[in-house]
1. If you take the residues of the stretch 43-67 that are in contact with a helix residue (DSSP H, G or I) (Cβ under 7 Å, 6 or more places away or on another chain) and within 17 Å of Ala187 (Cβ to Cβ), which of them is surrounded by the most Cβ atoms within 10 Å (Cβ to Cβ)?
2. Select from the stretch 152-170 the residues that are over 20 Å from the mean Cα position of the chain (by Cα) and among the small types (Gly, Ala, Ser) and write down the one among them that is surrounded by the most Cβ atoms within 10 Å (Cβ to Cβ).
3. Restricting attention to the stretch 68-80, which residues are open to solvent by less than 20 Å² (accessible area, probe 1.4 Å) and under 19 Å from the mean Cα position of the chain (by Cα)?
4. Given Leu40, Leu29, Leu47, which one is among the aliphatic types (A, V, I, L, M), touching an Asp or Glu at 6+ places or on another chain (Cβ under 9 Å) and in contact (Cβ under 8 Å) with a residue 60 or more places away in the chain?
5. Out of (1) within 21 Å of Ser96 (Cβ to Cβ); (2) in contact (Cβ under 8 Å) with a residue 24 or more places away in the chain; (3) hydroxyl-bearing (Ser, Thr, Tyr), the odd one out for Tyr54 is which?
6. Quick one: which helices (runs of 4 or more DSSP H) sit completely within the stretch 28-122 and have at least 1 residues that are modelled with pLDDT under 95?
Amino acid sequence: QGEFSVVTLFDVLEHTAEPAQLLGHIKPLIKPGGYLVITLPNALRPLLFGRADYDYPPHHFTRWTPEAMKNFLERNGFLVIRQKADSLALRYIADSYFFFIVMPPLIGLAKKIIFGRQSSPSKTISDLYNSSLGAQRTLLSDERMRRRIVNAARSLFQLFLTPFWVLLRFHYLHGQSMRGDCLYTLAQKEDCRPTR
């Protein structure tokens, strides 16, 4: 009780179904005047393709806007000192496009070319190589090589997307505050005057 000056919840709160209950367990651990630092996905971030599977239960139980986070913490005995949501990472945008738009049809095509009728939408390339002993050995047979190829393609795609990202970043971050992909909140227990 009261042992910690700072408690951090980095990408944790959205994974709990009862955030107020979790905060009720954490608050007594913080010293008077101590701090709580929270990071999580910003519900106001640009969702290029709508919410992804990971943004629903059983992964993310809650979604947080800056205002919702501030209200939640104030109702639970914290004073919000600072909030920030001004980053819009190129990697976030590029990976969203690359893994949700570009890669699925490419993987499907690779499976059909390599495995023909044996290919199955529910099986990965690794599963197919492991289950078909007679499969022709190709460059893609080696999992490390597949990983290198995907990472190289991902880097090239990121480079290709950079000019579009600059425009998107300008649109979201100049004129629409608090729209970045990650929400950062610094709060202090209210049983002490805030120190800034």
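1. So the residue we want is Trp64.
2. Ala153
3. Residue satisfying the conditions is Met69 alone.
4. Leu40 is the lone residue from the list that is among the aliphatic types (A, V, I, L, M), touching an Asp or Glu at 6+ places or on another chain (Cβ under 9 Å) and in contact (Cβ under 8 Å) with a residue 60 or more places away in the chain.
5. Of everything listed in (1) within 21 Å of Ser96 (Cβ to Cβ); (2) in contact (Cβ under 8 Å) with a residue 24 or more places away in the chain; (3) hydroxyl-bearing (Ser, Thr, Tyr), Tyr54 misses just condition (2).
6. Correct list: 90-97, 103-115.
The values are calculated or read from the model by the stated rules, or taken from the named source; none is laboratory data. Owing to the predicted nature of the structure, the values given are computational and were not obtained by experimental measurement. As a convention, Cβ positions derive from the backbone with ideal geometry for all residues, glycine included, and neighbour counts pool all protein chains shown. Each accessible area value is taken on the protein alone, full model and side chains, heavy atoms only, with ligands, DNA and RNA left out. Shrake-Rupley method; radii C 1.70, N 1.55, O 1.52, S 1.80 Å.
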